[in-house]
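Comments concern the structure below.
Read the figures in this text as sums done on the coordinates, not as results from a lab. Keep in mind the model is a prediction, meaning the values are calculated, not measured. In this analysis, Cβ positions are derived from the backbone assuming ideal geometry, glycine residues included, and neighbour counts consider all displayed protein chains.
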Amino acid sequence: MWFFKSPHIIFGADALSHLNQIQGKRAFIVTDRVIQAMGFVDMVRARLSQAGIDSRVFVDVQPDPSLATVRACAVAMQEYSPDWIVGLGGGSCLDAAKAAWFVYERPDVDLQAINPVEHFGLRAKARLITIPTTAGSGAEVSQAAVISDPEARRKLELATYELVADLTIVDPLFSAQMPPQLTADSGIDVLSHALEGYNNQWSNDFTDGLCLQAIRMVFEYLPRAVQDGAGDAQAREKMANAATIAGMVICNSNISLAHALGHSAGAIFKLPHGRVTALFLPRTIEYAANKGFGRYMDIACMLNLPADDELQASRSVSAAICKLMDLVGLPASLRAAGVSPEVLEAELEALCDGAEMDLGYVMSLRMPDRFELEQLFECAYEGRAVDP
Ligand SMILES: [Zn+2]
């Protein structure tokens, strides 16, 4: 038995105008100062006001939001007593909104006790709207919120399907002005979500089609969005949609090995999530196929790549990913991402430890042993294929 969970999704040009129609009294917007400076908060408040909804704003979300931020945000929610929570921004703002909303609803439950099994009875006070402004994280439709705990030097991944938003608004206007580097870093994560969602323990019939469509869209539209983001409205809209589609994939299937390696390397080398995770993709695809757990034939055929058998298909797909990364200016190896050989050597044990503790490791169809993990990091360092 399984299920599929998704918010009600409004997408395309002018999607934001849907806010005019919602019913309620008070909305609490969770965002950051960059988003505010871009004028997006005012746009959202104007729409809410047209719907007769009063609003208040919390603008203090930082990248990798901390427990302290979440608590401060929840206190402000408590004072205002909203019936809508609006997460507006990139993954950090959306995650902070979800976590603070949880505390607002259930101040009696410790955040670390959140789990996918228990019922918490959220929505007694408010419902959640997510409005993504970067095309990438998928946090707008996912069941998880990643919150950092700087004192314990770790990240908490809070997950319950009750955290899936009620309404998601995917309006391409928000990502239209993103600079090329951010477009590439966040856009390539869409590919990682779709490819990993297609080949892990929880892959299923309901997400497979979403994976294929998102993969196709990234290959077609990410280079255009990076090259001419301000002028190519179609590419922006397609990438915004692809990001949310791939977000539905991670919510209803899961991540896999490239995310395990990427989370570990990202924490140690302080590299952006999308950039560092994607450079492991070609290597984990080769690894899975070498071990007989490849599932890349359909993807290779869809992309018109050579695919006589599963092994060739996996090689074709990994080569195509490297080519795409080169095209959008992303490093296809840890070396190209700026990591020195000495640092890699010094951190190799810690990298493997971090990967082994990650959800993506457990989700992979074949969990590499310690020796294989080291090999994966070494191949990803040099950008060379994993030998069969
Ligand atoms: Zn990701």
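Taking a straight Cα-Cα cut-off under 20 Å and skipping sequence neighbours fewer than 8 places away in the same chain, the lysines within cross-link reach of Lys98 are Lys5, Lys25, Lys125, Lys155.
Using packing as a proxy for protection, rank 214-223, 8-17, 237-246 so that the peptide with the highest average count of other Cβ atoms within 10 Å comes first. It would help to have the intermediate numbers written out before the result.
Values: 214-223: 22.3, 8-17: 15.0, 237-246: 26.7.
Highest-to-lowest ranking by the protection proxy: 237-246, 214-223, 8-17.
Axis of helix 205-227 versus longest Cα principal axis of the chain: the two differ by about 90°, to the nearest ten degrees. With the highest mean first, a sort of the peptides 324-333, 116-125, 277-286 on other beta-carbon atoms found within 10 angstrom per residue produces 277-286, 324-333, 116-125. For a paramagnetic label modelled on Arg127 (point 7 Å from Cα along Cα→Cβ), amide N atoms under 14 Å away belong, within the stretch 1-15, to 6-10.
Sorted by average packing, counted as other Cβ atoms within 10 angstrom per residue and highest first, what order do 102-115, 182-195, 372-385 take? Mind dumping the intermediate values first?
Values: 102-115: 15.4, 182-195: 27.7, 372-385: 19.0.
Listed from highest to lowest mean packing, they are 182-195, 372-385, 102-115.
The angle between the Cα long axis of helix 233-252 and the main principal axis of the chain comes to about 80°, on a 0 to 90 degree scale.
Selection among Leu19, Gln112, Gln36 by position relative to the dipole of the chain gives Leu19 as farthest towards the positive end (Cβ unit charges, Cα centre).
Can you tally the net charge around His259? Count Lys and Arg as +1, Asp and Glu as -1, for every other residue whose Cβ sits under 10 Å from the Cβ of His259.
Working: positive: none; negative: Asp189, Glu196, Asp358.
It works out to a net charge of -3.
When the chain is treated as a Gaussian network with alpha carbon springs shorter than 10 Å, the biggest mean-square fluctuation among Met43, Met363, Met77 belongs to Met43. For a modelled paramagnetic label at Glu151, 7 Å from Cα along Cα-to-Cβ, the residues of the stretch 55-73 in reach, with backbone nitrogen under 15 Å, are 66-72.
The distance from the alpha carbon centre of the stretch 67-89 to that of the stretch 235-293 is 30 Å, rounded to a whole number. Helix 91-105 and the longest principal axis of the Cα set of the chain meet at an angle near 50°.
Ordering Ser203, Gly262, Phe293 by the projection of their Cα atoms onto the charge dipole of the stretch 194-350, which places +1 on the Cβ of Lys and Arg and -1 on the Cβ of Asp and Glu, puts Gly262 at the extreme positive end. Look at the alpha carbon pairs under 8 Å that are at least 6 residues apart: their mean separation over the length of the stretch 194-253 gives a relative contact order of 45 percent.
Extending 7 Å from the Cα toward the beta-carbon at both Tyr80 and Asp309 defines two label points whose distance is 6.0 nm.
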